[in-house]
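The next block holds one structure in the form of structure tokens; read it before the comments.
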Amino acid sequence: MRLFGTDGVRGVVNEDLKPEFVVRLALAIASYFGSGSSILVGRDARAGSELIQDIVMGVLASSGLRVYDAGLTPTPALQYNVKERGFDGGVMVTASHNPPQYSGIKVVLSDGIEAPREVEEEIEKIFLEERFRRVSWRELRHRKTLVDDVNEFYVDGVMRLVDTGKLKKSFRVVVDPANNVGALTTPKLLRALGARVLTVNGDLTHQPYREPEPTQENLEYLSSIVRDVKADFAVAHDGDADRAIFIDNLGRYMPGDRSATLLCKHIITNRRDNLPRRVVTAVSSSTMIEDLLREYGVEVVWVRVGSIVIARTMKSLGAMAGFEENGGFMYAPHQMVRDGAMTTALMLELLGSEGVPLSELYDRLPKRYLIKTKVPLKDKNLVNDVIGKILLSYGGYRNITIDGVKVIGPDFWFLVRPSGTEPLIRIFVEADSEGKANEILKDLLRITSEVLK
Ligand code: MG
């Protein structure tokens, strides 16, 4: 039985995440860390997250752990505090980009990075076998301690890394934190960096005005706001503010791998950090990053889809940055986790350094046409047959088979992979022209239906 998905335990509050389930899960987490460990616990602003945080903190304390309450805070702020302030670990109560009825629990280790799969498996084992380590009442000396400055500490940490000498102009920025915890950090950070900020959906007491996932469809209104107030750009976060999606000054939505490519180039050419010229990203990202950064000697490491794999690979190999195409960007000198405020600060610094509008930088990227689609999959065992047939058909091209199959040609790439959560095959095709992309998609759909029929 698997409790942890690709990013923590998630579920609808009081349906999947019932209090008694949360108690057992928290007992298992407490038993993993052990009595005496210091754990920082934070939450997002979803309706169910406060009660789950209360249960988690109570159970950790009952198991003899020292519990520190971070209150409302973005996931990257909690992670930064865990890493920099010497906690033994952290628990974040959030469902990130999921709809409002969801909440979730994410375990963070002392390095601030989400627990790897092996640790999750250990916690699942303790949960199933009910091997809970309980302590005598005599050991219950510690009450929970409120930490008041988790968000300030995080904003200060980001500020320290920004080259403010590059920010000669006062930028006009629209911030949309989806009525959630990003409202507590990003507007403050941008103002401290001299920007003029307009915050929309910044009220944490409201039910979300938009769906917490920063997709193009969910952000259409933000494009018109950018044009109305003549902003230099807008930034939209997901529910726990680890992702940052940008809208350029013309109101155009930028897919996360496009903004990440610009930021990586900025880090190399303007910041000149003394770090390994290595960028880690998932196979679902565009190969544009390789094409653009090859001339700077950057190695791109392709990994399976999932932010934890990216973070853990960055840490083991050494890297300057990592990213996902959904807006999750990791800047190594700050922390190797998705980091909405740090990403926003880097965007501001990029615009200050280049001295041209974001739309111009966006237009300098190669023009590529992207299609995403999915095919229902009744029998999971057939995925390997689909992949095998594609490899035969596209044998002349470079391929990566760590997560489905990614094939890279001179003027196209595509990815065919099974979904981690649903009975689906996902297909991404990107090419220099719409015609070429459609032609490849047609071919992939033909191969897939031949195997699946
Ligand atoms: Mg998130």
- With the contact rule set at Cα under 8 Å and sequence spacing of 6 or more, what percent relative contact order holds for the range 1-119? 31
- Query: How large is the convex hull of the Cα atoms of the range 326-398 per residue, expressed in Å³ as a whole number?
  - Reply: 197
- How big is the C-alpha Rg of the range 395-440 next to the rule-of-thumb value 2.2 N^0.38 Å, as a ratio? 1.21
- Query: How much accessible area does Thr421 have with a 1.4 Å probe, in Å² rounded to the nearest 10?
  - Reply: 110
- Item | Kirkwood hydrodynamic radius of the range 369-452, Cα pairs, Å | 12.7
- Binning every alpha carbon pair distance of the range 62-108 at 5 Å from zero, what are the percents per bin? 5, 19, 29, 24, 14, 7, 3
- Note on the structure: Distance in nm between Arg272 and Met159 label points, each 7 Å along Cα→Cβ, equals 2.7
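Ranked by accessible surface with a 1.4 Å probe, highest first, in what order do Glu20, Glu295, Glu139 come?
Values: Glu20 115, Glu295 150, Glu139 80 Å².
Heavy-atom accessible area, descending, gives Glu295, Glu20, Glu139.
Summing Lys, Arg as +1 and Asp, Glu as -1, what charge do residues with Cβ under 14 Å from the Cβ of Lys442 carry, Lys442 excluded? It would help to have the intermediate numbers written out before the result.
Details: positive: Lys436, Arg446; negative: Glu434, Glu439, Asp443, Glu450.
In short, -2.
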- Item | Where a label projected 7 Å from the Cα of His206 along Cα→Cβ would reach, residues of the range 87-124 with amide N under 16 Å | 100
- Task: Could I have the simple spin-label model distance between Asp379 and Arg252, label points 7 Å from Cα toward Cβ, reported in nm to one decimal?
- Result: 4.5
- Query: How large is Rg over Rh for the range 187-299, taking Rg from the Cα atoms and Rh as the Kirkwood inverse mean of 1/r across Cα pairs?
  - Reply: 1.01
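For the chain, give the share of DSSP beta bridges that are antiparallel, in percent and rounded to the nearest 5; count only bridges with both residues there.
On the way: 43 of 74 bridges.
Just about 60 percent of them are antiparallel.
Mean separation of Cα pairs under 8 Å and 6+ residues apart, divided by the residue count of the chain: what relative contact order is that in percent?
Details: 955 pairs, mean separation 56.9, N = 453.
RCO, the chain: 13 percent.
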- What is the range 18-114 by shape, rounded, prolate or oblate, if you read a ≥ b ≥ c off the alpha carbon gyration tensor as root eigenvalues and call it rounded for a/c under 1.5, prolate for a/b larger than b/c, and oblate otherwise? oblate
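If I take all pairs of Cα atoms in the range 256-363, what percentage of them are more than 22 Å from each other?
On the way: 1208 of 5778 pairs.
More than 22 Å apart: 21 percent of the Cα pairs in the range 256-363.
Let me have the relative contact order for the range 256-363, percent, based on Cα pairs under 8 Å that are six or more residues apart. List each step's numbers first, then the result.
Values: 165 pairs, mean separation 31.0, N = 108.
Taking the mean separation of contacting Cα pairs over the length of the range 256-363, I get 29 percent.
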- Message: For the full complex of protein chains and a 1.4 angstrom probe, list Phe329, Phe33 by accessible area with the highest value first.
- Response: Phe33, Phe329
- Item | Sorted largest first, extent of the range 170-252 alpha carbons per principal axis (Å) | 30, 28, 19
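When each pair of different Cα atoms in the chain is counted once in the 1/r mean, what is the Kirkwood radius in angstroms, to one decimal? Write down the numbers at each step before the final one.
Numbers: mean 1/r = 0.0439 Å⁻¹.
That comes to 22.8 Å for the chain.
Please figure out what share of the DSSP beta bridges in the range 256-338 is antiparallel and state it in percent, rounded to the nearest 5. Present the calculation step by step, with values, prior to reporting the outcome.
On the way: 3 of 11 bridges.
In the range 256-338, DSSP labels about 25 percent of beta bridges as antiparallel.
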- Task: Quick one: of Lys367/Lys442; Lys166/Lys315; Lys188/Lys367; Lys83/Lys406; Lys83/Lys374; Lys169/Lys265, which pairs are farther than 27 Å apart, Cα to Cα?
- Result: Lys166/Lys315; Lys188/Lys367; Lys83/Lys406; Lys83/Lys374
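The values are calculated or read from the model by the stated rules, or taken from the named source; none is laboratory data. Note that the structure is a prediction, hence the values are computed from the model and not measured. In this analysis, Cβ positions are derived from the backbone assuming ideal geometry, glycine residues included, and neighbour counts consider all displayed protein chains. Ligands, DNA and RNA are stripped out before the accessible areas are found, and what is left, the full protein with its side chains, is counted by its heavy atoms. Shrake-Rupley method; radii C 1.70, N 1.55, O 1.52, S 1.80 Å.
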